[in-house]
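Read the structure below first, then the notes.
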Amino acid sequence: MYVNLDTYRNLLAVTEAAGATLVAVSKTKPVAAIQELYDLGHRDFGENYVQELVDKQAVLPPDIRWHFIGHLQTNKVKYIAPFVYLIHGVDSGKLLKEINKQASKCGRTINVLLQMHIAKEETKFGLDEAGLEGLLDAYAGETAPLQNVIINGYMGMASFSDDASVIREEFQRLRKMFDDHAHRQTENYKPKTLSMGMSGDYGIALEEGSNLIRIGSLLFGARP
Ligand SMILES: *Cc1c(COP(=O)(O)O)cnc(C)c1O
């Protein structure tokens, strides 16, 4: 047994009550752990590393919805483009264009989330509000849409903090950005997913309007 069944059932109940999706983050965990949850009916799994995702996808059932939640390098998009369900971490036009190109080669339309930088911590990843505006103006307007990519919403990670009020404030900020832009629907931009909340902060995230939580260690145990 890789998964704590009571924890899984409780999480699923809480997530469904909130009208949200539970993505089981299986990075570093064996194929057998994924299969175990799959056999219980679970279909949404999240991975961070391209090679690991490709290896797992090859041996697991084809109806799994694979979420790529890590930082994606442009030169690796081609490996996951044939099958990935949702790419959560897009934070540049360059990456968006490459996803569009590879999706086109596969004859697919790939859904992506824009990663917003909401935490206090310094990190290279995620857009600020100006970056978001620029990206939406360039790629999500009425003219010159990308043909094979749809921006489906936003993803964010709160600060690693014991202070719930800090985390709550960060999620609120992302929720507000999501709401503020929701009216700007175009061919390439159909925001409906707000991916926020992990093992340590999913409760706050759901309270603040998340509709997709990404849960790893709580389900599968601590990672090495
Ligand atoms: C690893 C990871 C998670 C899951 O983290 P846990 O704290 O184990 O639930 C969620 N989101 C992202 C982007 C991750 O890298």
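The values are calculated or read from the model by the stated rules, or taken from the named source; none is laboratory data. If you're wondering where the values come from, they're calculated on a predicted model, not measured in any experiment. When we count neighbours, we look across all protein chains shown, and the Cβ atoms used for this are built from the backbone with ideal geometry, even at glycine. Side chains included, ligands, DNA and RNA excluded: accessible areas come from the protein's heavy atoms. Shrake-Rupley method; radii C 1.70, N 1.55, O 1.52, S 1.80 Å.
The reciprocal of the average 1/r between distinct C-alpha atoms defines the Kirkwood hydrodynamic radius, which for the range 65-139 equals 12.8 Å. Among Glu207, Glu133, the sequence by solvent-accessible area, most first, with a 1.4 Å probe is Glu207, Glu133.
Here the accessible area of the chain is 50 percent carbon and sulfur, with a 1.4 angstrom probe and all protein chains present.
As a size descriptor, the averaged projected area of the C-alpha convex hull of the range 116-188 was calculated at 5.2 nm².
Only one residue of Leu96, Asn75, Cys106 has its Cα farthest out toward the positive end of the dipole of the range 60-137, where Lys and Arg carry +1 and Asp and Glu -1 on Cβ, and that residue is Cys106. About its Cα centre, the chain has a charge dipole of approximately 800 debye under the convention of +1 per Lys or Arg Cβ and -1 per Asp or Glu Cβ, with nothing else charged. Summed over the residues of the chain and divided among them, the accessible surface reaches 47 Å² per residue at a probe radius of 1.4 Å.
Distances over 21 Å make up what percent of all Cα-Cα pairs in the range 5-121?
Details: 2812 of 6786 pairs.
It works out to 41 percent of all Cα pairs.
By the rule of a C-alpha distance below 20 Å, with chain neighbours fewer than 8 residues away ignored, the aspartates and glutamates paired with Lys105 are Glu187.
Hey, got a sec? Which trypsin sites (Lys or Arg not before Pro) in the range 67-134 land in a DSSP loop and have at most 16 other Cβ atoms within 10 Å?
Qualifying residues, ordered by number: Arg108, Lys120, Lys124.
Assuming R0 = 35 Å, what is the FRET efficiency of Glu142 and Phe83, from their Cβ-Cβ distance, to the nearest 0.05?
Working: r = 30 Å, r/R0 = 0.87.
After rounding, the FRET efficiency stands at 0.70.
Along its principal axes, the range 167-218 has C-alpha extents of 37, 21, 12 angstrom, given from the largest down.
One chain, two ends: Arg43 and Lys176. Fully extended at 0.36 nm per residue, the span grows by 45.0 nm beyond their Cα-Cα distance. Divided by 2.2 N^0.38 Å, where N counts the residues, the Cα radius of gyration of the chain comes to 0.98.
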